[in-house]
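Trainee: Okay, handing you the structure first.
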Amino acid sequence: MTQLRATEGLADRVYRELLALIIQGDLQEGDRLSTEQAIADQFKTSRPTVREALSRLRADGIIASRQGAGTFVTRRPDPDLPRFMPLESLSDVRRCIEFRIVIEGGAAALAAEMADEADLALIQRELARLQAAVNNQVLGVEEDYDFHIAIARASKNQFFVSVIASIQQHVTFGMDLLRNFSLSKSPERLLSVQAEHVAVVDAIVQHDSAAAEAAMRRHLQNTRSRMFGS
C-alpha cells in the first residue's frame, strides 16, 4: 500500500506540472507532447507514472491522442484558475459539474412538470436573492446553492434533493470558485450567469419540461466552459 501511495503521489506531481505548463502557455493548444519516455526522463520517474498522469489529463479533455501521430494539447484552461484553486482539484471540479449537468437537467425537467404555486414562489424568491447578490457584487454562493436545491425540491422527487445535498461541499466549492472567478474578470460575467438562471426559471414557470432541461444543461455547460474552455 505504501508503494501504491508513493506511485500515486508521483503521478499527481507529473499531472500538476504538465497541467501548469499548459495553463502557463509553455504548451499551446495543438502542440504535441513529448513521448512517454522523454517525459519520464524529464521528471525522473517511470513510464507507468507518466502514463497515469497523461490518462488523467486525457480524461479531463486537456489532451488527446491521435493514432500514429502522438498526444496533443486540445484545451487550455483559463490561466487565472491557479489563483483560485489548487491544480490537483481541477479534475474533481470538472467531474462535479459534468455530474450536475446530467442530474440537475433531469431535476429541472421534472420540476417544470410537477412544481405547484408554492414551489414556483420559492424558486422565484431564490432567484431574487441571487439577483440581489449580483446587484451588490457579492459572491452569493449560499444563494446559488439554495436556488438549485429549490428546483430539485420542486421536482417532487426526494432522490434529486438527496443526491445534490450529498455533494453539497463539492457543489458549493465549485460555485465559490466560479463566482470568485467571474468577479475577478468583470461584473458582467455574473450578469451572464444570472441570465442563465432566469432562463431556467422562465421555462419552469411555463411548465415547459424540455426547455427547462435544456436551459439547466446549457447553464452548467457554460459554467464548465467558463472555467475549462469549450
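Trainee: Would you mind finding the one in 158, 169 that is polar (S, T, N, Q) and more than 24 Å from residue 205 (Cβ to Cβ)?
Mentor: Working: 158 fails: more than 24 Å from residue 205 (Cβ to Cβ).
Matching residue, one of 158, 169: 169.
Trainee: Can you run down the residue pairs with Cβ atoms below 9 Å, 6 or more apart or on separate chains, where the first is in the stretch 32-57 and surrounded by fewer than 17 Cβ atoms within 10 Å (Cβ to Cβ) and the partner is part of a loop (DSSP other than H, G, I, E, B)?
Mentor: 32/69; 41/34; 42/34
Trainee: Here's something else I'd like to know. Answer with yes or no whether residue 129 is of a type in the set (D, E, K, R) and open to solvent by 30 Å² or more (accessible area, probe 1.4 Å).
Mentor: Considered against the rule, which asks whether it is of a type in the set (D, E, K, R) and open to solvent by 30 Å² or more (accessible area, probe 1.4 Å), residue 129 comes out as yes.
Trainee: Mind checking which residues of the stretch 80-117 are open to solvent by 30 Å² or more (accessible area, probe 1.4 Å) and under 20 Å from residue 219 (Cα atoms)?
Mentor: 92, 95, 98, 99, 102, 103, 110, 113
Trainee: Let me ask something additional. Return yes or no: is residue 36 among the charged types (D, E, K, R) and touching a helix residue (DSSP H, G or I) at 6+ places or on another chain (Cβ under 6 Å)?
Mentor: yes
Trainee: Among the residues of the stretch 63-79, write down those that are open to solvent by less than 20 Å² (accessible area, probe 1.4 Å) and modelled with pLDDT of 90 or more.
Mentor: Correct list: 63, 73.
Trainee: Here is a follow-up. Examine the stretch 208-216 for a residue that is in a loop (DSSP other than H, G, I, E, B), open to solvent by 50 Å² or more (accessible area, probe 1.4 Å) and either in contact with a Ser or Thr (Cβ under 7 Å, 6 or more places away or on another chain) or not small (Gly, Ala, Ser) (or both), and state whether such a residue exists.
Mentor: So far as the stretch 208-216 goes, yes, one or more of its residues are in a loop (DSSP other than H, G, I, E, B), open to solvent by 50 Å² or more (accessible area, probe 1.4 Å) and either in contact with a Ser or Thr (Cβ under 7 Å, 6 or more places away or on another chain) or not small (Gly, Ala, Ser) (or both).
Trainee: Looking at 160, 147, 173, which one is open to solvent by 20 Å² or more (accessible area, probe 1.4 Å), within 16 Å of residue 122 (Cβ to Cβ), in contact (Cβ under 8 Å) with a residue 24 or more places away in the chain and not hydroxyl-bearing (Ser, Thr, Tyr)?
Mentor: Residue meeting the stated conditions: 160.
Trainee: Can you give me the number of residues within the stretch 177-191 that are open to solvent by less than 60 Å² (accessible area, probe 1.4 Å), part of a helix (DSSP H, G or I) and free of Cβ contacts under 8 Å to residues at least 40 places away in the same chain?
Mentor: Final tally of qualifying residues: 1.
Trainee: Further, regarding this structure: So the check is Cβ under 8 Å with 6+ separation or different chains; which pairs have a first residue in the stretch 214-230 that's at pLDDT 95 or above and a second one that's open to solvent by 50 Å² or more (accessible area, probe 1.4 Å) and in a helix (DSSP H, G or I)?
Mentor: Taking only residues 6 or more apart or on different chains, the pairs are 215/202.
Trainee: Looking only at the stretch 141-164, how many residues end up being more than 15 Å from residue 101 (Cα to Cα) and part of a helix (DSSP H, G or I)?
Mentor: 12
The values are calculated or read from the model by the stated rules, or taken from the named source; none is laboratory data. Treat the numbers as computed from the prediction; the structure is a model and nothing was measured. Methodologically, a virtual Cβ is constructed for each residue, glycine included, from the backbone with ideal geometry; neighbour enumeration extends over all protein chains shown. For the accessible areas, the whole protein counts, side chains as well, though only heavy atoms, and no ligand, DNA or RNA atoms are used. Shrake-Rupley method; radii C 1.70, N 1.55, O 1.52, S 1.80 Å.
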